[in-house]
Amino acid sequence: MIQILTTGGTIDKVYFDANSAFETGDSLLPELLRDANIRDGYKIRELMRKDSLELTDDDRATILAAVRASESERIVITHGTDTMAQTAQVLKVLTDRTIVLTGAMQPARMRRTDAVFNIGFAWAAAQLLPPGVYIAMNGEVFEAGAVRKNLEAQKFERMPEPD
């Protein structure tokens, strides 16, 4: 059984035309899982509905506590992309399970979103990877602590090795 924890982020953004802004709304995760043809073998728990730029150290402690409390050895966390690497770093203390963070560059409610692909990819990664903390985005897997979001290119990339 894979535990899926939701925290908000772009994947769950809703566009409000009246004020021309995006806000984090109800998670579309059950629909995304169906679209990815994932029908069972998981349980979902919503932790929060926040843009990742609004996540605090207390929020990351809540995520860490939820992972620790989970009975599952394999966990997928939906998370905003801007601070996903920071949360992954916090979770690195957990070495006894496979934890995969994923999200989307475009909201799941948009026609051209990477959400369904990323959810399916994270699902597969959580089943196949050994214990550790990973980010699975756009067809690539990165280990926690060795990844960053390239804002200009709008993608995740491995951090250069220190000299």
- prompt: What residue, of V90, V100, is over 17 Å from P30 (Cβ atoms), without any contact (Cβ under 8 Å) to a residue 60 or more places away in the chain, outside any loop (DSSP other than H, G, I, E, B) and touching a strand residue (DSSP E or B) at 6+ places or on another chain (Cβ under 6 Å)?
  reply: V100
query: Which members of region 77-115 meet the condition of being farther than 16 Å from V141 by Cα, among the acidic types (D, E) and either buried (at least 16 other Cβ atoms within 10 Å of the Cβ) or in contact with a helix residue (DSSP H, G or I) (Cβ under 9 Å, 6 or more places away or on another chain) (or both)?
result: D82
message: Considering only residues that are of a type in the set (K, R) and out of contact with any Gly (no Cβ under 8 Å at 6 or more places or on another chain), which ones fall in region 56-108?
response: R60, R68, R74, R97
- line: Residue pairs within 7 Å by beta carbon, gap of at least six or interchain, first lying in region 45-64 and among the acidic types (D, E), second not in a helix (DSSP H, G or I), listed first then second, are E46/T6; E46/S27; D51/G8; D51/G9; D51/T24; D51/G80; D59/M48; D59/K50
message: I'm told T81 meets every condition in (1) assigned to a helix (DSSP H, G or I); (2) at pLDDT below 95 except one. Can you identify the failing condition by its number?
response: (1)
query: Inside region 50-78, can you point out the residues that are under 18 Å from M110 (Cβ atoms) and either at pLDDT below 90 or in contact with a Leu (Cβ under 6 Å, 6 or more places away or on another chain) (or both)?
result: D51, S52
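Which of the residues belonging to region 125-141 are of a type in the set (A, V, I, L, M, F, W, C), at pLDDT 95 or above and either closer than 16 Å to H79 by Cα or not in a loop (DSSP other than H, G, I, E, B) (or both)? Show your work before the answer.
Just the residues of region 125-141 that are of a type in the set (A, V, I, L, M, F, W, C), to begin with: 125-126, 128-129, 133, 135-137, 141.
Those left that are additionally at pLDDT 95 or above: 125-126, 128-129, 133, 135-136, 141.
Result: A125, A126, L128, V133, I135, A136, V141.
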task: Evaluate region 26-40: report whether one residue or more is surrounded by 16 or more Cβ atoms within 10 Å (Cβ to Cβ), without any contact (Cβ under 8 Å) to a residue 60 or more places away in the chain, closer than 21 Å to G145 by Cβ and not hydrophobic (A, V, I, L, M, F, W, C).
output: no
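The values are calculated or read from the model by the stated rules, or taken from the named source; none is laboratory data. From a predicted model like this one, the values you see are computed outputs, not experimental measurements. Counting neighbours? That spans all protein chains shown, and the Cβs are built from the backbone with ideal geometry, glycine included.
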